[in-house]
Structure formats: structure tokens, C-alpha cells
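Asker: What follows is a structure written as C-alpha cells; I'll ask about it next.
The values are calculated or read from the model by the stated rules, or taken from the named source; none is laboratory data. All values reported here derive from a predicted model rather than from experimental measurement. Note: ideal-geometry Cβ built from the backbone for every residue, glycine included; neighbour counts use all protein chains shown. SASA here: full protein model, heavy atoms, side chains in, ligands and nucleic acids out. Shrake-Rupley method; radii C 1.70, N 1.55, O 1.52, S 1.80 Å.
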Amino acid sequence: QAMTTLQQPRYPIGIQTFSEIINGGYLYVDKTDLVWKLAHAAKYIFLSRPRRFGKSLLTTTLKSYFEGRRDLFEGLKIMPLEQEWKQYPVIHLDMSVCKGQESAQMLQNAIRFQLLRYASQYGVSTDNVTPGQIFNSIIMSAASTGEKVVVIIDEYDAPLLEVMHEQENLAAMRKVMQEFYQCLKACEGMIKFCFMTGITKFSQLSIFSTLNNIKNVSMMPEFATICGITEQEMVTRMADGIDALAGYYGCTHDEMLAKLRLRYDGYHFTEDSDGVYNPYSLINAMSDRRLQNYWFESGTPTFLFNQMRRFGTDITRMDDITASQSAFYLSTETLTDALPLLYQAGYLTIKGYDRESESYTLGIPNQEVRV
């Protein structure tokens, strides 16, 4: 719809729920064709992206899709692709609310609390049972309605990130998480689709050994732009915002484009892919009509500082680093340097790839991160 320059579109600041963005008439950059592709790419899928990069919005979009909420998708790219709009029971958990627990016992209680809503919905008891047993019963009960179950877990690794440097505590907490996640494999026959997001890929020794059938799409070219905003998306959907910023800074539309590119663009999640802008910073800049370091100021993860200290990382030499392809698939517990973590957390990005040596060149994505 045409907008006058006075009419600022509604930017979804702090809103990560797809249905709320659509129903509230907020700006939505349409990724639903990729969402549909993702939903059909494999049965168990893992995607790693930096924090505040739109992972939560992606999970709630998948949730609405599997709930058959066709009304929310009218006019979006998914419409010609999806014919059925079948409804499945969806269990959607956000594990970031379980972080910061000081003991395995507290972590178990936090997960139990997360499961309460579904336990009461499906008539499952939470007394004297482990989180994994509760989760198991919820999936079984949901599947007994006739349709298979969709499980969506946002920030699956959040409870472990803060304790990564505490060997003793990490082992006990990892046990809790392992016990919780293993029912995803045990209940395979009852699951239609399972999607997990996070920052890191915890090792083969732990969570992913129980889920060895999970497809990691983090570096697949077809999903390179599923989170983040491409320049094409920005210039077509945010032209008014760019003009408003240009007006404030007293420069032309093209000059403002160059400023935005320098500051927020430059993320590449696979070789030779389109770059994407940091969506958190970009949307905040458009809404405030100010160029600031929004993403960086929204909090740097403590776990990263701990790891950088542990490995004595020299951040001044980070603009041209070579990393082998295998480094990206190392488990978090067997790292010998902080590079893969810095990449996964969004402080480094892919600048180039050499097919012969199968090695990547990493560097700082943009001015916001460099500063």
C-alpha cells in the first residue's frame, strides 16, 4: 500500500511473534517461501544464527504455519506453495527463559515450569517426574489426538552457554538437558517435524549424539537469507525509512544507503551468498531515525567474554583470519580457540571461501561490530 512520507510504517520493535506482527499491521519482511522450504527440507532441523537475528520470529512463523493459520499468510509468498493448511498440535518452547540457573536442580525446575502450560493442556502430571518424562508424556498425549506433533525449540543451548567454562557444573547441567532432549529421538514415530535454533552446536558427546538424525542447515546456501534482511528487501520495503533517515542526516537517499551498508550490512552465513543486514539494528535505526549501534549495545554474551579470556583472543587481529571448514563443526566443548564461537555469535562473518583448501576467510562484518 502506498504510504506518504509522513506516515511511518509500524516497525515491530521488541515483537517476535509472527501472528502479532501480521495482526498488528507491523512491517513484515516476507520470508514465508523460505519458511515453507524449511518445513519440507527434513524432519529434524537445526539452525544457528547470532542473537537478535530473527530466530524467534522464524520459530513463531513455523508455529503459525503448522497450526494451519492460513488467515495470517494471505498475500504472502507461501500461498501458491501450500495447498493443504493441515493443523498439527505444536509444542513451542523457548529455552532462553531457563538460563542463569545455578544448579542442575534449579535447571530441572525451570524446565518443568516451561512445560506447565502444555502439561495442563494435555492433562499430564508434573509431580515427581523428570523434565524428559514430562516432555515425553506431553508428546504422547498430543499425538493421541490423531495428528503427529510438531516440536519447535528456540535457543536450545541457552541454559548451557553461561556455564560453559565451569567444567563440573556444565557436566551436571548437560545431563539434565540430555535427559530432556532424548525423548525427541524416542518419540520419533509421533513427531511430524522438529526445529531447533541456537547459537552453538553442542558436541557429538552430548545433545546431538542423542539426535544424530538432525540436519544442520546453518550454512546451506538456500537458507542463507532466512534470518536477516537483504539489501533488496531493505530498499523495497523500507524506502520511506531510508528517506526519513536521509532527511535527518541531511544527505541523499543513495548516501544514506551507503551509510546503512557500512554500518549494519555484511553478514554472510555461507560462501558466495547475498549479504544480509542485521535486522535488529536496521529496524531500530528506521524506527528511531538514528544510526546507532543497537545490536552491540543490546548486550554482549558473557559466555563469549569468558571464552575469549580463556583462549587469550587478540581482537585487534580479527579482520583477516583463515578457518578450516571443520572448525565450524567442532563441538563447543572441544574448541581450541574462540573463532567458531565468535562466528556463531555474529562478531565475525564469512568474507571468502577457498574450495581447494576448504577454508574460509573470516572478518568483522561491519562498522557497528568493529567499533
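Asker: Provide the FRET efficiency to the nearest 0.05 for the A42-I13 pair, computing r from the beta carbons and using R0 = 25 Å.
Answerer: About 0.15, to the nearest 0.05.
Asker: OK, next. Solvent-accessible area per residue for the chain at a 1.4 Å probe radius, Å²?
Answerer: That works out to 45 Å² per residue.
Asker: Show me the ranking of peptides 283-295, 166-178 by mean Cβ neighbours inside 10 Å, starting with the highest.
Answerer: Those peptides, ordered most packed to least, come out 283-295, 166-178.
Asker: By its C-alpha gyration tensor, with a ≥ b ≥ c as the square roots of the eigenvalues, how is the range 231-300 shaped: rounded for a/c under 1.5, else prolate for a/b larger than b/c, else oblate?
Answerer: oblate
Asker: Quick one: divide the alpha-carbon radius of gyration of the range 152-308 by 2.2 N^0.38 Å and tell me what you get.
Answerer: Dividing the Cα radius of gyration by 2.2 N^0.38 Å gives 1.33.
Asker: Shifting gears a bit: Mean shadow of the range 54-210, computed from the convex hull of its alpha carbons, in nm²?
Answerer: Quarter of the Cα hull surface area: 9.9 nm².
Asker: Looking at this model, which pairs from K86/K175; K55/K86; K77/K259; K185/K351 are more than 32 angstrom apart at the alpha-carbon?
Answerer: Table pairs above 32 Å Cα-Cα are K86/K175; K185/K351.
Asker: To continue, here is another question. Kirkwood hydrodynamic radius (Cα pairs, Å) of the range 221-371?
Answerer: 16.5
Asker: Check the straight Cα-Cα distances from K215 and name the aspartates and glutamates below 15 Å, setting aside those fewer than 8 residues away within the same chain.
Answerer: In chain and number order, the partners are E188.
Asker: Carbon and sulfur: what percent of the range 127-242's accessible surface (1.4 Å probe)?
Answerer: Accessible surface attributable to carbon and sulfur in the range 127-242 totals 48 percent.
Asker: Starting from the coordinates of the alpha-carbon atoms of the chain, obtain the Kirkwood hydrodynamic radius over all distinct pairs and give the value in Å to one decimal.
Answerer: About 21.8 Å for the chain.
Asker: Round to the nearest 0.05 the FRET efficiency obtained for R309 and E231 when R0 = 35 Å and r is the Cβ-Cβ distance.
Answerer: So, using R0 = 35 Å, E works out to roughly 0.45.
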